[in-house]
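J.: I'd like to ask you about the structure that follows.
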Amino acid sequence: MEQREAVVKVAALAYQAGDYDEAIAFYTRALAKAEADRMPRFHFLLGESYQANGDTEQAITPWQQALSSSAALPFHAVALHRLGLAYMEKRDWQQAISKLRRLWDDFPDFPHRSSVAAEVAQAYSQTNNCEEALPFFTFLDTSEQGQTALRSLRHSHAACLFATTHYEDV
């Protein structure tokens, strides 16, 4: 037990020191010896280490595995957000929508809700699914934080309004 805790502590210290390769190695070791209830957390931290190391593609699998845990765990919503962003980066819009909509629907108190709305609107716009995007544009338009996010999406918003024959709102 003490050796397992030492491995986890070294992984965390390596991450904090910016030695992400070492953090990856130690979180991988921690996963090999972890009790089932601790595995989702270690998967999440392994994903974070991969992302910090600049390898978002490698981070996807551990983040997916972290989602096998209870949605009540504190990292669950963050894992959904990270996955949504990773899929957006890959331009895998359907996967991005799936993760971000789940985050939007299941975690209404997520602290970066305006960012999630902008990301969902952008993903729907990229798939030419403007009817689905419009409520997210509306949310952004009616919130102070959303106004900032909406500025970068003005063209997409106008295109969706036009595509859905909301000409008077363009």
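The values are calculated or read from the model by the stated rules, or taken from the named source; none is laboratory data. Because the structure is a prediction, the values reported are computed rather than measured. All Cβ positions, glycine included, derive from the backbone under ideal geometry; neighbour counts span all protein chains shown. When the accessible area is computed, the model is the full protein with side chains, heavy atoms only, and any ligands, DNA or RNA have been set aside. Shrake-Rupley method; radii C 1.70, N 1.55, O 1.52, S 1.80 Å.
J.: Which value, in debye to the nearest 20, gives the size of the charge dipole of the stretch 18-115 about its Cα centre, when Lys and Arg are +1 and Asp and Glu are -1 at the Cβ?
T.: With only Lys, Arg, Asp and Glu charged at Cβ, the dipole is about 260 debye.
J.: Report the gain in length on full extension from E144 to R38: 0.36 nm times residue separation, minus Cα-Cα distance, nm rounded to one decimal.
T.: Full extension of this stretch gives 34.3 nm more.
J.: Work out from phi, with θ = phi - 60° and the Karplus expression 6.51 cos²θ - 1.76 cosθ + 1.60, the ³J(HN,Hα) of each residue of the stretch 84-96, listed in order in whole Hz, and give x for Gly and Pro.
T.: x, 5, 5, 5, 5, 4, 7, 6, 9, 5, 5, 5, 4
J.: Give me the dipole magnitude in Debye, nearest 20, for the chain about the Cα centre, with unit charges on the beta carbon: positive for Lys and Arg, negative for Asp and Glu.
T.: 260 debye
J.: Leaving out ligands and nucleic acids, and using a 1.4 Å probe, what accessible area per residue does the stretch 57-143 come to in Å²?
T.: Value for the stretch 57-143: 47 Å² per residue.
J.: Turning to a different aspect of this structure: Where does the Debye-calculated log10 I(q)/I(0) of the stretch 1-151 sit at q = 0.15 Å⁻¹, using only Cα point scatterers of equal weight, no solvent?
T.: Log-scaled intensity ratios, in q order: -0.79.
J.: Now, a different point. Can you work out the Karplus-derived ³J(HN,Hα) for every residue in the stretch 31-40? Use 6.51 cos²θ - 1.76 cosθ + 1.60 with θ = phi - 60°, whole Hz, and x for glycine or proline.
T.: Taking θ as phi minus 60°, the curve returns 5, 5, 10, 7, 6, 4, 6, 9, 4, x Hz for the stretch 31-40.
J.: Over the chain, with a Gaussian network built from C-alpha contacts below 10 Å, which listed residue (R101, R82, R38) shows the highest mean-square fluctuation?
T.: Comparing R101, R82, R38 in a Gaussian network model of the chain, the most mobile one is R38.
J.: Right, something else. May I ask you to give the percent of accessible area on the chain that is carbon plus sulfur, with a probe radius of 1.4 Å?
T.: Details: 4560 of 9190 Å².
The C+S portion of the solvent-accessible surface of the chain is 50 percent.
J.: Compute the relative contact order of the chain as a whole-number percentage, counting only Cα pairs closer than 8 Å that sit 6 or more residues apart in sequence.
T.: Once divided by the residue count of the chain, the mean separation gives 11 percent.
J.: Using a Gaussian network model of the chain with C-alpha springs under 10 Å, which one of E22, E119, E48 is most mobile by mean-square fluctuation?
T.: So, out of E22, E119, E48, the one fluctuating most is E22.
J.: Separate question: Show that you can apply the helix-only estimate: for the chain, add -39,500 (n - 2.57) for every DSSP H stretch of four or more residues, divide by all residues, and state [θ] at 222 nm to the nearest 500.
T.: Value at 222 nm, helices only: -23500 deg cm²/dmol.
J.: To continue, here is another question. Within straight cross-link reach of K99, meaning Cα distance under 18 Å, which aspartates and glutamates are found once same-chain residues fewer than 8 apart are removed?
T.: Result set, ordered by chain and number: E48, E57, E89, D109, E119, E132.
J.: Quick one: if you stick a label point 7 Å off each Cα along the C-beta vector at D19 and S70, how many nm between them?
T.: So the two model labels end up 3.5 nm from each other.
J.: Which of S49, M88, M39 sits closest to the plus end of the dipole of the chain, meaning its Cα is farthest towards the positive end, when Lys and Arg get +1 and Asp and Glu get -1 on the C-beta?
T.: It is M39.
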